[in-house]
1. For a quick check of your reading: which helices (runs of 4 or more DSSP H) sit entirely within the range 67-183 and have at least 1 residues that are among the small types (Gly, Ala, Ser), over 27 Å from Val276 (Cα atoms) and touching a strand residue (DSSP E or B) at 6+ places or on another chain (Cβ under 8 Å)?
2. Taking Asn53, is it of a type outside the set (Gly, Ala, Ser), in contact with a Phe, Trp or Tyr (Cβ under 6 Å, 6 or more places away or on another chain) and open to solvent by less than 60 Å² (accessible area, probe 1.4 Å)?
3. Here is a list: Gly283, Gly217, Gly224, Gly275. Which entry is without any contact (Cβ under 8 Å) to a residue 60 or more places away in the chain and either in contact with a Ser or Thr (Cβ under 8 Å, 6 or more places away or on another chain) or open to solvent by 20 Å² or more (accessible area, probe 1.4 Å) (or both)?
4. Within the range 314-333, identify whether any single residue is within 30 Å of Pro133 (Cβ to Cβ), in contact with a helix residue (DSSP H, G or I) (Cβ under 6 Å, 6 or more places away or on another chain) and of a type in the set (D, E, K, R), and answer yes or no.
5. Cβ-Cβ below 7 Å, separation at least six or inter-chain, first residue in the range 149-175 and under 22 Å from Ser114 (Cα atoms), second in a loop (DSSP other than H, G, I, E, B) and among the hydroxyl-bearing types (Ser, Thr, Tyr): which pairs?
6. Search the range 243-256 for residues that are in contact (Cβ under 8 Å) with a residue 12 or more places away in the chain and pair each with any residue that is outside any helix (DSSP H, G or I) and of a type in the set (Val, Ile, Thr) when their beta-carbon atoms are under 6 Å apart and the residues are at least 6 apart or on different chains.
7. Read through the list (1) closer than 20 Å to Asp292 by Cα; (2) modelled with pLDDT of 95 or more, then give the number of the only condition that Gly217 fails.
8. Going by the conditions given, is Ala291 in a loop (DSSP other than H, G, I, E, B) and open to solvent by 30 Å² or more (accessible area, probe 1.4 Å)?
Amino acid sequence: MTTKNQVRLGGSGPSVFPIALGCMGMGAGSWYGDSDESENIATIHEALERGVNVLDTGDFYSMGRNELLVGKALRGRRDKAILSLKFGTLRGPDGAFLGLDARPSAVKNFLAHSLSRLGVEYVDIYRPARLDPNVPIEDTVGAIADLVKAGYVRHIGLSEVGAETIRRAAKVHPICDVQLEYALVSRGVEARILPALAELGIGMTAYGVLSRGMLTGAEPKGEGDVRTSFPRFAAGNVEKNQSLVDALARMAAEKGTTPVQLAIAWVRAKGVAHGVTILPTVGSRTRTQLADAMGSIDVSLEPSEVATLEAAVPASQVAGTRYSESGMARLDSER
């Protein structure tokens with residue numbers, strides 16, 4: 001595995017390439033609509049060959065099919081990848097959300113099935129997708145710590161939790177990173193969570209760095225695309241947000257880069273400013289999209305450029321929340 005450009009993900013985490021590949025949008029039944037599996041796998045292979053080592057997935061993505069796809073892509077390449085895996089979200093046969101389960105017995109059961117689907121003996125980072133309000137975070141982290149001791153997990157992560165939850169979890173076992181949505185128009189983590197991460201020496205894996213394509217003018221691809229239910233893509237809000245899309249495109253042109261690259265470079269620059277290793281996760285489903293995202297590695301921003309970009313694309317002007325009302329209510333990070 002190449003060590004060029006790698007950074008450490010938090011004080012207790014692995015060495016990682018400066019961007020990660022999110023696999024949620026890949027394969028049949030994806031939350032962003034079906035995509036071509038052969039191209040998805042080719043994209044994973046290309047990413048690994050270019051040094052990207054963190055692959056992010058979840059056992060509930062396409063009801064396990066995403067894990068099967070990632071496992072297929074990793075055959076003969078396991079040593080090149082750091083598998084970051086989420087669990088705990090319950091789904092019905094029709095894909096409906098059925099709640100959360102982060103009980104210690106459930107934690108171990110979920111991992112057993114994930115290891116089978118992925119075809120691996122261990123995962124590198126294991127994390128509950130959301131905070132289960134019925135289970136103390138100490139119990140959940142304690143169960144994952146048991147799996148670390150047994151050799152089935154290398155590092156423990158968290159996802160969409162607030163500063164207090166992070167502090168409680170870190171008292172049980174070292175936390176590698178916290179996965180949070182972070183973008184030019186999604187900056188709620190800056191007030192309390194990022195300072196806590198800096199204090200505790202915990203990294204951050206940033207997803208939604210393009211606000212699920214909103215910042216580049218992407219549109220949902222039909223009923224199978226979960227973005228049709230997201231407020232920022234709703235009629236009326238799309239038109240209001242177009243000014244932000246245009247502003248980012250204009251700033252990118254002035255910088256001599258692409259909107260994708262500029263948005264990712266902003267996330268990395270903010271990590272430096274806050275003293276936190278922030279790993280942007282890109283949802284590239286094709287090699288062309290991956291090439292665009294990889295170009296962000298060569299884009300650096302001075303503090304003055306960061307300020308100018310934030311003024312041009314103000315988070316306060318985005319129309320719509322990042323999730324539906326019920327989805328926002330489940331986020332410990334928003335409390």
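The values are calculated or read from the model by the stated rules, or taken from the named source; none is laboratory data. Computed from a prediction, not measured in an experiment: that's the story for all the values here. Cβ sites come from the backbone with ideal geometry, for glycine too, and all protein chains shown count toward neighbours. For the accessible areas, the whole protein counts, side chains as well, though only heavy atoms, and no ligand, DNA or RNA atoms are used. Shrake-Rupley method; radii C 1.70, N 1.55, O 1.52, S 1.80 Å.
1. Filter on the range 67-183 gives 104-118.
2. So Asn53 passes the test.
3. Gly217
4. yes
5. So the pair list comes out as Gly151/Tyr122; Tyr152/Tyr122; Val153/Tyr122; Arg154/Tyr122; His155/Ser12.
6. What qualifies is Leu244/Val313; Ala247/Val313; Leu248/Val313.
7. For Gly217, the failing item is (2).
8. For Ala291, the condition - in a loop (DSSP other than H, G, I, E, B) and open to solvent by 30 Å² or more (accessible area, probe 1.4 Å) - is not met.
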